[in-house]
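Student: Would you mind keeping the following structure in view while I ask a few things?
The values are calculated or read from the model by the stated rules, or taken from the named source; none is laboratory data. Just so we're clear, the structure is a prediction, and the values are computed from it rather than from any experiment. Here the Cβ positions follow ideal geometry from the backbone for every residue, glycine too, while neighbour counts run over all protein chains shown.
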Amino acid sequence: MVTVIVIINLLISLILLYIARRVWQLKKRLANIANRLTAAERCTHAVLDKAPSNISIRQQNIHNLRQGNQSIQVQIQQVRQIFSLLLVGQQIHGRYFVKLGLGTKFKKKIVVKSTEK
């Protein structure tokens, strides 16, 4: 009878030892996963910590570029208007002064190309 109880106790001990070993392996895996997640969190925190200030700086740079672009667009429009006036002046010169005999022998043509879409 004692032998049966010792054998049952031995089997129970072996089963519990196997369970303890599996729990220890699981604990080891979970610790490894936790370490990896902590490292990933540190990396993402380092990158994302500066994101709001970087976004703000980039937005300000875009605003400044748009302001500069707007003034350049005004200058381009003024240059186009000047060329248009020159073209009108040339056409007037060609129509009226040539008929009166006051025009030049050689006509130069000014071509204004529009790049607007």
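Student: Restricting attention to the stretch 69-109, which residues are among the charged types (D, E, K, R), surrounded by 10 or more Cβ atoms within 10 Å (Cβ to Cβ), at pLDDT below 90 and not in a loop (DSSP other than H, G, I, E, B)?
Tutor: From the stretch 69-109, those among the charged types (D, E, K, R) are 80, 95, 99, 105, 107-109; that's our starting set.
Restricting the remaining residues to those that are surrounded by 10 or more Cβ atoms within 10 Å (Cβ to Cβ) gives 80, 95, 107.
Those still in the list that are at pLDDT below 90 too: 95, 107.
Result: 95, single match.
Student: If you go through the stretch 1-57 one residue at a time, how many are under 36 Å from the mean Cα position of the chain (by Cα) and among the charged types (D, E, K, R)?
Tutor: Residues of the stretch 1-57 under 36 Å from the mean Cα position of the chain (by Cα): 32-57.
With among the charged types (D, E, K, R) added as a condition, the list becomes 36, 41-42, 49-50.
The qualifying residues number 5.
Student: Moving on to the next point. Please pick out the residue among 23, 4 that is surrounded by 10 or more Cβ atoms within 10 Å (Cβ to Cβ), in a helix (DSSP H, G or I) and hydrophobic (A, V, I, L, M, F, W, C). Show your work before the answer.
Tutor: On the way: 4 fails: surrounded by 10 or more Cβ atoms within 10 Å (Cβ to Cβ).
One residue alone meets the criteria, 23.
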